[in-house]
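First up is the structure itself, then whatever we jot down about it.
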Amino acid sequence: MNTVESLDKNNIPNHVAIIMDGNGRWAKKQGMLRVFGHENGTKSVRTTIEAAAKYGVKNLTLYAFSSENWNRPKLEVEALMRLLVKSLKNELATLSKNNLKLNIIGNVSLLPKGVQEELNYVVEKTKNNTHMTITLALSYGSREEITNMIKEISKKVKNNIISSDAIDESIINQHLYTHDLPDVDLVIRTSGEQRISNFLLWQIAYAELYFTEVLWPDFTEDHFINALMSYQQRERRFGKTSEQIK
Ligand code: IPE
Ligand code: IPE
Ligand code: MG
């Protein structure tokens, strides 16, 4: 087991994004309904937020509900929405106390009105907090985000607000849901699946990927440290040679 002492404080990823997967299988393993897994998953959310804030991660992005998750059984979707409102209500005080800012990415307009109101409330209340930004990806799909970005930029080109020649990576970034966030440094996915599932396709271009068999409700601070340790053992070359990096 890795220890906190062996973590290099000067090489903490600035932006960690997590695909929190395996709630359903976790519940099924104990003969419970999937919703039970989602409920227990919220504890791991809390633990992970605390750990990330403690070790100096400045941006933590959590994939909570994908565009494709709308296709799940109605009862499961409703339970997830209820759980979301409940967690937001419970966590507001902790977010404020620890100087944590909540940010949302995704097609929020598809969420139930009550959820939207609760989200707006917490985002507004935490908007001046500076210790760490927690971004919840909700009703989020990267292809949809990229499609919207192209529509927005096309409109501006048509209305002569920008010229097509001026379109560059920075302009593209400004038109994504993640416009205020830096590139992702580390992606963690739990539950043993090794896929991206339509998460931040543009933003993870040079991220390090970390997959673990641990199911999300079992994910602890130690597991998070293991992911950071693995990240610190990588050499990020960004196309250069190893000699150029050293
Ligand atoms: C992740 O766990 C939570 C959401 C996608 C909302 P799952 O619900 O996907 O759990 P598994 O993958 O079925 O075990
Ligand atoms: C990805 O998990 C979405 C979230 C974790 C919110 P899924 O369980 O929906 O992913 P797939 O469909 O198995 O790839
Ligand atoms: Mg899953």
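Tabulated results
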item: Computed [θ] at 222 nm, helices only, for the chain once each DSSP H run of length n ≥ 4 contributes -39500 (n - 2.57); result: -13500 deg cm²/dmol
item: Carbon/sulfur fraction of accessible area - region 152-246, other protein chains in place, 1.4 Å, %; result: 47 percent
item: FRET efficiency, 1/(1 + (r/R0)^6) with R0 25 Å, evaluated for ARG237 and LYS43 via beta carbons; result: 0.10
item: Rounded FRET efficiency, nearest 0.05, which uses the C-beta distance separating GLU5 from GLN174 and R0 of 35 Å; result: 0.30
item: Most mobile of LYS151, LYS101, LYS43 in a GNM of the chain (Cα contacts under 10 Å); result: LYS151
item: Only Lys, Arg (+1) and Asp, Glu (-1) charged, at Cβ; region 12-62 dipole about Cα centre in debye; result: 120 debye
item: Distance from region 54-96 to region 153-211 (C-alpha centre basis), Å; result: 21 Å
item: Rounded to whole Å, sorted largest first: equivalent-ellipsoid semi-axes of region 98-137, Cα gyration tensor; result: 20, 11, 6
item: In Å², nearest 10: area of SER163 left accessible to a 1.4 Å probe; result: 60 Å²
item: Dipole of the chain, positive direction: furthest Cα of SER170, ALA53, LEU138, with charges on the beta-carbon; result: LEU138
item: Förster radius 35 Å - calculated FRET efficiency between GLU124 and ILE161 (Cβ-Cβ, nearest 0.05); result: 0.75
item: Pairs from LYS54/LYS97; LYS74/LYS151; LYS58/LYS97 whose Cα-Cα separation, in the structure shown, is over 24 Å; result: LYS74/LYS151
item: Kyte-Doolittle mean at least 1.0, axial Cα span of 15 Å or more - DSSP H helices of the chain; result: none
item: q = 0.07, 0.09, 0.16 Å⁻¹: log10 I(q)/I(0) that the Debye formula gives for the chain, counting C-alpha atoms only; result: -0.25, -0.41, -1.28
item: Calculated P(r) tail over 14 Å for region 1-47, as whole % of Cα pairs; result: 64 percent
item: Three principal axis lengths of region 136-246 [C-alpha, angstrom, descending]; result: 52, 41, 21
item: Residue range of the chain that is longest and free of chymotrypsin sites (Phe, Trp or Tyr not before Pro) which are both DSSP loop and sparsely packed (at most 13 other C-beta within 10 Å); result: 1-205
item: Dipole in debye (nearest 20) - the chain, about Cα centre, beta carbon charges: Lys, Arg +1; Asp, Glu -1; result: 480 debye
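The values are calculated or read from the model by the stated rules, or taken from the named source; none is laboratory data. Bear in mind that the values here come from a model prediction, so they are computed numbers and not experimental data. Cβ sites come from the backbone with ideal geometry, for glycine too, and all protein chains shown count toward neighbours. Accessible surface areas use protein heavy atoms only, side chains included; no ligands, DNA or RNA. Shrake-Rupley method; radii C 1.70, N 1.55, O 1.52, S 1.80 Å.
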